[in-house]
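The values are calculated or read from the model by the stated rules, or taken from the named source; none is laboratory data. Values in this document were obtained by computation on a predicted structure and should not be read as measured data. Note that each Cβ is placed from the backbone with ideal geometry, even for glycine, and that neighbours are counted across all protein chains shown. Quick note on the areas: whole protein, heavy atoms, side chains included, nothing else; ligands and nucleic acids left out. Shrake-Rupley method; radii C 1.70, N 1.55, O 1.52, S 1.80 Å.
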Amino acid sequence: MTDEPPLHRRDAQRQAGDGPHNPADDRPAAESDVRPDPSPGGAVPLLVPRDGTPKPVETGKELDDAVARFAAGTGPVAVDAERASGYRYSQRAYLVQLRRVGAGTVLIDPLPLGDLRVLDAAIADAEWVLHAANQDLPCLAELGLRPRRLFDTELAARLGGFERVGLAALTESLLGYSLEKHHSAADWSSRPLPESWLTYAALDVEMLTDLRDVLAEELQRQGKAEWAAEEFAALVASGGQPPKVRTDPWRRTSGIHRIRGQRAQARVRALWYARDAVAARRDSAPGRVLPDAAIIAAAELDPQDERTLLTVPGFGGRSVRRLAKTWLEALREARALPDSELPVSPPIEGPPPPHRWADRDPAAAARLARCREVVLQVAGAHNLPPENLISPDSIRRLAWTPPEEITTATVGDTLRGYNARNWQVNLLSPGLAEALPPQE
């Protein structure tokens, strides 16, 4: 629990000095001793941090000062990071936000500082509070920031059965404050960062620990605290690892379902990798270099000269036209490939797509249907999203290749092999063990 004045839940009347400071509250004490309960008229807009908007930390001395403050602080540390998805090729952090009792809020610009391992050491023993931690842990790990314990407010809300689990939705429903999210898709790599963006970033950690306390209390009430602890431990163990490299990532090009034939697929592949090389060199999001729709259109039409290429939808922009030779060369390479080097469907790892089961193995299809029903029933009984109860892929693998001897123990061991946590195994194994054998 924190010892900072809390941002109370919607159903609690807030006393003066409890919440964040808004300029509108600078009134004589007689007029502002008690703030109105937000419930009747909606949530109270959260406009500025309670300590004001801090200037970003940009120098070694400023970082040392921040480290000293956070080392002397107490309780959990609220952590967030801002990336430039949609603008940059990399997923690096362009701003890191932290808040702790006794330390206040700090915004750190990692660009001039490099790694932040000195800060990591200062808060190593603290619980970190993040929202949707799996999104931020990889970019934080690049800076040397790795939690040893964490609390994920989004995941906690999912386990608690909340329908809306975004930070703004939870802040409004549980704490009675509304957050503006209009800078969430901003280009955080730009400099200098506008004051309004910095305020937005500071507010993202303003109430995370308060939200953590409310959600922890709710999970405890529902008997799910240990479940959450297992999930958080799994995030700590794996969350900072870089994403796995996909096989044939070009196959995820939007609209590729329209492409027919291996030669046309080769054109998609050649253009995708040509674009990726340009995007990596420029550190620009691939879609800003060449839209997926343009790749698909060129793969369908196969233009062979610049004049024709520039008539293809998506190739008319100035920056795209400058790279006309790059795109034409990629198409020429695809055209010249021998048949033996054309794309072939990659081997399927694990079970085939479920829609093919009925034809390939009707018994397995029936097992899958029964197992899915068990998952839905258990999820409903415990007010959980089915995907948080167990990954769909784990159920597919279990149904396709069940253990030779089907018991609660062998089913549990199989699920653990697919990285299921103990709480998931305990809830599901008995029902799945009954569902797997053929029905008489």
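Looking at region 255-271 only, could you name the residues that are within 15 Å of LEU331 (Cβ to Cβ) and open to solvent by less than 40 Å² (accessible area, probe 1.4 Å)?
ILE259, ALA264, ALA266, ARG267, VAL268, ALA270, LEU271
Have a look at ARG212, ARG221, ARG164 and point out the one that is more than 18 Å from ALA78 (Cα to Cα), under 19 Å from the mean Cα position of the chain (by Cα) and of a type in the set (Lys, Arg).
When all the criteria are applied, what remains is ARG164.
Picking from ARG281, ARG360, ARG367, which residue would you name as being more than 16 Å from VAL268 (Cα to Cα) and either in contact with a helix residue (DSSP H, G or I) (Cβ under 6 Å, 6 or more places away or on another chain) or surrounded by 15 or more Cβ atoms within 10 Å (Cβ to Cβ) (or both)?
It is ARG367.
Just for region 67-109: of the residues that are among the basic types (Lys, Arg) and open to solvent by 20 Å² or more (accessible area, probe 1.4 Å), which one is nearest to VAL129 (Cα to Cα)?
Looking at residues that are among the basic types (Lys, Arg) and open to solvent by 20 Å² or more (accessible area, probe 1.4 Å), I get ARG100.
For region 342-350, indicate whether the set of residues that are among the hydrophobic types (A, V, I, L, M, F, W, C), surrounded by fewer than 18 Cβ atoms within 10 Å (Cβ to Cβ) and part of a helix (DSSP H, G or I) is non-empty.
No, region 342-350 has no match at all.
Quick check on region 367-387. Is at least one of its residues over 28 Å from LYS224 (Cα atoms) and over 27 Å from the mean Cα position of the chain (by Cα)?
The answer is yes, given that some residue of region 367-387 is over 28 Å from LYS224 (Cα atoms) and over 27 Å from the mean Cα position of the chain (by Cα).
Looking only at region 158-180, filter to residues that are out of contact with any Lys or Arg (no Cβ under 8 Å at 6 or more places or on another chain) and either closer than 17 Å to ALA229 by Cα or polar (S, T, N, Q) (or both); which one of those is most open to solvent (accessible area, probe 1.4 Å)?
ARG158
Of the residues LEU98, LEU111, LEU63, only one is at pLDDT 95 or above, assigned to a helix (DSSP H, G or I) and of a type outside the set (Asp, Glu); which?
LEU63
Going by what's in this entry, would TRP357 be described as in a helix (DSSP H, G or I) and within 30 Å of ALA277 (Cβ to Cβ)?
no
Give me the pairs, please: first residue somewhere in region 276-288 and closer than 13 Å to SER90 by Cα, second residue anywhere and of a type in the set (D, E, K, R) and not in a helix (DSSP H, G or I), beta-carbon distance under 7 Å, and either six or more positions apart or on two chains.
Pairs that qualify, where the first residue is closer than 13 Å to SER90 by Cα and the partner is of a type in the set (D, E, K, R) and not in a helix (DSSP H, G or I), are ASP283/ARG88; SER284/ARG88; ALA285/ARG88.
Within region 120-147, how many residues turn out to be of a type in the set (Gly, Ala, Ser) and assigned to a loop (DSSP other than H, G, I, E, B)?
Of the residues in region 120-147, 4 are of a type in the set (Gly, Ala, Ser) and assigned to a loop (DSSP other than H, G, I, E, B).
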